[in-house]
1. Based on this model, can you work out whether residue 98 counts as assigned to a loop (DSSP other than H, G, I, E, B), on the phi < 0 side of the Ramachandran plot and in contact with a helix residue (DSSP H, G or I) (Cβ under 8 Å, 6 or more places away or on another chain)?
2. Looking at the stretch 47-74 only, could you name the residues that are assigned to a loop (DSSP other than H, G, I, E, B) and either out of contact with any strand residue (DSSP E or B) (no Cβ under 9 Å at 6 or more places or on another chain) or under 14 Å from residue 6 (Cα atoms) (or both)?
3. For the stretch 123-155, give me each residue that is free of Cβ contacts under 8 Å to residues at least 40 places away in the same chain and outside any helix (DSSP H, G or I).
4. Determine if the stretch 41-62 includes at least one residue that is touching a helix residue (DSSP H, G or I) at 6+ places or on another chain (Cβ under 9 Å) and farther than 19 Å from residue 130 by Cα.
5. Can you name the condition, by its number, that residue 11 falls short on among (1) in contact with a strand residue (DSSP E or B) (Cβ under 8 Å, 6 or more places away or on another chain); (2) touching a residue at least 40 places away in the same chain (Cβ under 8 Å)?
6. Here are 76, 55, 84, 46: which of them is free of Cβ contacts under 8 Å to residues at least 12 places away in the same chain and under 13 Å from the mean Cα position of the chain (by Cα)?
7. From the list 104, 78, which residue is in contact with a helix residue (DSSP H, G or I) (Cβ under 7 Å, 6 or more places away or on another chain), more than 15 Å from residue 150 (Cβ to Cβ) and either assigned to a helix (DSSP H, G or I) or assigned by TED's automatic domain parsing to the domain that holds residue 142 (or both)?
8. Does residue 49 qualify as being closer than 14 Å to residue 107 by Cα and either crowded, with 18+ Cβ neighbours inside 10 Å or not assigned by TED's automatic domain parsing to the domain that holds residue 98 (or both)?
């Protein structure tokens with residue numbers, strides 16, 4: 001069934017079944033491979049995108065549930081203030097090790113900073129819960145989120 005969804009500010013028409021997960025529409029239909037497949041059960045966070053600014057697991061989000069909502073992926077998160085600050089902090093603090101989970105980590109962290117520009121450790125823990133990093137870069141991730149928040153508050 002033909003469906004139009006807004007992804008990264010652009011209306012995209014896709015011909016898929018209504019129950020097709022957004023993840024597979026992004027990766028297989030549209031060729032946007034920045035969003036990763038991890039577990040397929042919304043447990044690891046690798047597939048995180050924003051739907052109307054909310055961090056959402058795309059592996060369990062069906063295409064028919066999106067409606068007129070705006071989908072933002074890792075490919076466009078740097079165009080937002082929070083996303084740009086998070087991406088810069090990730091580079092400044094050398095967060096990435098293998099990198100597989102990082103698009104999901106960045107998407108969750110960007111949603112946090114956009115919603116709460118001065119997160120506490122508890123806020124960070126809550127927002128990042130469910131984003132798994134097999135390399136164990138959690139300490140660097142936390143520091144990068146704090147760095148992004150500090151940079152944003154200083155106007156940078």
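The values are calculated or read from the model by the stated rules, or taken from the named source; none is laboratory data. The structure presented is a predicted model; accordingly, all values stated were derived computationally and were not measured. A quick note on method: Cβ atoms are made from the backbone with ideal geometry, for glycine too, and the neighbour counts reach across all protein chains shown.
1. Spelling it out, it is not the case that residue 98 is assigned to a loop (DSSP other than H, G, I, E, B), on the phi < 0 side of the Ramachandran plot and in contact with a helix residue (DSSP H, G or I) (Cβ under 8 Å, 6 or more places away or on another chain).
2. Here is the first cut: in the stretch 47-74, the residues assigned to a loop (DSSP other than H, G, I, E, B) are 47, 52-53, 58-61, 66-69, 73-74.
Within the stretch 47-74, 52, 53, 66, 67, 68, 69, 73 qualify.
3. Residues satisfying the conditions are 129, 133, 134, 135, 136, 154, 155.
4. Step one: filter the stretch 41-62 for residues touching a helix residue (DSSP H, G or I) at 6+ places or on another chain (Cβ under 9 Å), giving 44-51, 53-62.
Checking the rest, the ones that are also farther than 19 Å from residue 130 by Cα come to 62.
There is at least one residue in the stretch 41-62 that is touching a helix residue (DSSP H, G or I) at 6+ places or on another chain (Cβ under 9 Å) and farther than 19 Å from residue 130 by Cα.
5. Status for residue 11: all satisfied but (2).
6. On the way: 76 fails: free of Cβ contacts under 8 Å to residues at least 12 places away in the same chain; 55 fails: free of Cβ contacts under 8 Å to residues at least 12 places away in the same chain; 46 fails: free of Cβ contacts under 8 Å to residues at least 12 places away in the same chain.
Unique residue meeting the criteria: 84.
7. On the way: 104 fails: in contact with a helix residue (DSSP H, G or I) (Cβ under 7 Å, 6 or more places away or on another chain).
Being in contact with a helix residue (DSSP H, G or I) (Cβ under 7 Å, 6 or more places away or on another chain), more than 15 Å from residue 150 (Cβ to Cβ) and either assigned to a helix (DSSP H, G or I) or assigned by TED's automatic domain parsing to the domain that holds residue 142 (or both) holds for just one of 104, 78, which is 78.
8. Details: closer than 14 Å to residue 107 by Cα: yes; either crowded, with 18+ Cβ neighbours inside 10 Å or not assigned by TED's automatic domain parsing to the domain that holds residue 98 (or both): yes.
Against the criterion (closer than 14 Å to residue 107 by Cα and either crowded, with 18+ Cβ neighbours inside 10 Å or not assigned by TED's automatic domain parsing to the domain that holds residue 98 (or both)), residue 49 qualifies.
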